[in-house]
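Here the structure is laid out as structure tokens; the discussion comes afterwards.
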Amino acid sequence: MLDKVITISREFGSGGRELGMKLAERLNLPFYDKELISMSAEESGLAEEAFLHYDEHISIQQEPFKQRLYTPFSMLYEVSMSDQIFLTQSRVIRKLAEQGPCVIVGRCADRVLENSINLFVYAKMENRIKRMNSLETGVSPERMEERIREIDKKRKDYYQYYTGCEWGKAQNYHLCLESSLTGVEGCFNAALAYLQCYI
């Protein structure tokens, strides 16, 4: 029986979330993605809207730095909302891992946890546009590509900022899966074969 958490990082539109759901169902494991938002809000007492607003992207407060002398009570020492949210989500992710194996999508879970199996899902842009347009009708391919690139950039910046690692770099994951050729089903079969080594 699998005794590790499976984390899934993914390019937007690559099918990573669907893959996570399929793996969780097949392996009879809890699945966490957007659920982490409400769980983290409850953990912290912060409004769920704040977690939705800062979900997987950073917001660095700009300071004027005109003064050169700071006291321990200076505004400089305030923790930004995005930092508070990252720390809260990290606590929730660790608590879930302590409860047993599960599947967690995104939110730097692969770096928050020290002993997880980390997957990365990616795909060619044309496949991602096609996939997203099948889910959201009425959006032009040009606008969809713009949206995909924007969300990917936010995820990349977020990952780099909080982990110091490069998002999407093969060396940072145990298994990278390209969904363009075989679809999510092919990635699912490949991931299951890989996970058999741990079961």
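Choose one of Thr163, Ile148, Leu175: the residue whose Cα lies farthest towards the positive end of the charge dipole of the stretch 92-188 (beta-carbon charges +1 Lys, Arg; -1 Asp, Glu; about the Cα centre).
Highest projection toward the positive end goes to Thr163.
Quote to one decimal, in nm, the extra length available between Arg149 and Glu98 on full extension: 0.36 nm per residue of separation minus the C-alpha distance between them.
Length difference between fully extended and current span is 14.9 nm.
Considering the zone a paramagnetic label at Ala47 would reach in this model (a point 7 Å from Cα along the Cα-to-Cβ line), which residues of the stretch 83-102 have amide N under 18 Å from it?
Only 83-86 fall inside the zone, counting backbone N under 18 Å.
Per 0.36 nm of contour for each residue apart, how much would the distance between Ala170 and Arg91 grow if the chain were fully extended, relative to their Cα-Cα spacing?
Here the answer is 25.8 nm.
What is the list of residues in the stretch 168-189 whose amide nitrogen lies under 13 Å from a point 7 angstrom out from the Cα of Glu126, following Cα to Cβ?
180-181, by backbone N distance to the label point.
Kindly express, to the nearest 10 degrees and within the range 0 to 90, the angle between helix 16-27's C-alpha long axis and the longest C-alpha principal axis of the chain.
It is inclined by approximately 60 degrees.
Nearest 20 debye, what's the magnitude of the dipole of the stretch 153-199 about its Cα centre given +1 on Lys and Arg Cβ and -1 on Asp and Glu Cβ?
240
Neighbouring Cβ atoms within 10 Å as the yardstick, rank Cys165, Cys187 fewest first.
Cys165, Cys187
Report the per residue volume, in Å³, of the convex hull enclosing the C-alpha atoms of the stretch 107-199.
It is 107 Å³ per residue.
The stretch 86-145 to the stretch 1-36: how many Å between their Cα centroids?
If you average the Cα positions of each part, the centres end up 8 Å apart.
How do 167-180, 138-151 rank on mean C-beta neighbours within 10 Å, highest first?
The most tightly packed comes first, giving 167-180, 138-151.
Using the basic label-point model (7 angstrom from Cα toward the beta carbon), what is the Val139 to Leu192 distance in nanometres?
So the two model labels end up 3.0 nm from each other.
Since every read-out is calculated from the coordinates, none of them should be taken as a lab result. Treat the numbers as computed from the prediction; the structure is a model and nothing was measured. When we count neighbours, we look across all protein chains shown, and the Cβ atoms used for this are built from the backbone with ideal geometry, even at glycine.
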